[in-house]
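Just so it is clear, none of the values below were taken in a lab; they were calculated from the coordinates. Note that the structure is a prediction, hence the values are computed from the model and not measured. No Cβ is skipped: glycine too gets one built from the backbone with ideal geometry, and neighbour counts run over all protein chains shown.
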Amino acid sequence: MAPDCKVCELQLNPPEGGWYWQDEHWSIGPHLTTEVPGWTVAYLRRHASSLSSMTRAELESMGPALAKAAAAIEAETGAERVYLVLFGENFPHVHLVLIPRGAQVPPEHRSSRLHVYAKEYVDPAAYREVGERIRRRLAAAPTR
Ligand SMILES: [Zn+2]
């Protein structure tokens with residue numbers, strides 16, 4: 001755990017309701033600052049500030065964990081695309097954001113612009129309800 005790292009603190013104090021899913025290296029749960037239905041984050045459990053400082057085991061487990069999360073998000077949101085984003089600007093601890101893009105999103109809001117327009121899609125009740133469905137689906141999904 002790194003001092004003053006909010007993502008490390010989150011590993012000790014999981015979000016309300018607990019993680020959607022965890023394995024040895026990853027904690028998958030809700031996006032905590034954007035209440036758009038289906039926005040999900042895969043947090044590396046150990047502190048590492050970039051992909052280049054991850055271990056081989058962490059890197060090898062990343063693909064299967066992300067694919068499992070994407071499959072659950074696709075199934076529960078009907079998204080045409082699931083975007084994957086790693087910035088690390090506000091919280092410099094590896095966490096990958098999975099962003100479903102539904103058919104209702106117009107072309108001018110797609111791709112990287114969806115971050116700019118995210119507030120137009122905030123729906124706290126649906127965000128919690130879809131999150132619970134993603135949690136249940138991940139719990140029932142076979143290990144990849
Ligand atoms: Zn950290």
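Could you calculate the contour length gain from His47 to Leu12, that is, 0.36 nm times the residue separation minus the distance between their Cα atoms, to one decimal place in nm?
Additional length available on full extension: 11.4 nm.
Could you give the length gained on full extension between Arg56 and Leu84, defined as 0.36 nm per residue of separation minus the Cα-Cα distance, in nm?
Stretched out fully, the Arg56 to Leu84 stretch lengthens by 8.0 nm.
Taking θ = phi - 60°, what integer Hz values does the Karplus form 6.51 cos²θ - 1.76 cosθ + 1.60 yield along the stretch 128-133, in sequence order, with x for Gly and Pro?
For the stretch 128-133, the Karplus-derived couplings read 5, 5, 5, x, 5, 5 Hz, x marking Gly and Pro.
Ranked highest first by average number of other Cβ atoms within 10 Å, how do 47-58, 98-109 line up?
Highest to lowest by the protection proxy: 98-109, 47-58.
Out of residues 5 or more away from Trp26 or on other chains, whose amide H comes under 5 Å of its own, with H placed 1.01 Å from N in the peptide plane?
Result for Trp26 returns Arg45.
Among Glu129, Glu16, Glu60, which one shows the highest mean-square fluctuation when the chain is modelled as a Gaussian network with alpha-carbon springs under 10 Å?
Glu16
Given the options Val116, Val85, Val41, state which has the largest fluctuation in a GNM of the chain using a 10 Å cut-off (strictly under) for Cα springs.
Between Val116, Val85, Val41, it is Val116 that shows the largest mean-square fluctuation.
Using only alpha carbon pairs under 8 Å that are at least six residues apart, calculate the relative contact order of the stretch 47-107 and give it in whole percent.
36
List, in order, the whole-Hz ³J(HN,Hα) value for each residue of the stretch 28-39 obtained from phi through the Karplus relation with A = 6.51, B = -1.76, C = 1.60 and θ = phi - 60°; use x for Gly and Pro.
These are the phi-based 3J(HN,Hα) values: 10, x, x, 6, 8, 10, 10, 8, 9, x, x, 5 Hz.
For Glu129 and Asp4, what is the calculated FRET efficiency with R₀ set at 22 Å and r taken between the beta-carbons, to the nearest 0.05?
The pair Glu129/Asp4 has a calculated efficiency of 0.05.
Using θ = phi - 60° and the Karplus curve 6.51 cos²θ - 1.76 cosθ + 1.60, what whole-Hz ³J(HN,Hα) does each residue of the stretch 6-12 get, with Gly and Pro shown as x?
5, 6, 4, 4, 5, 5, 7
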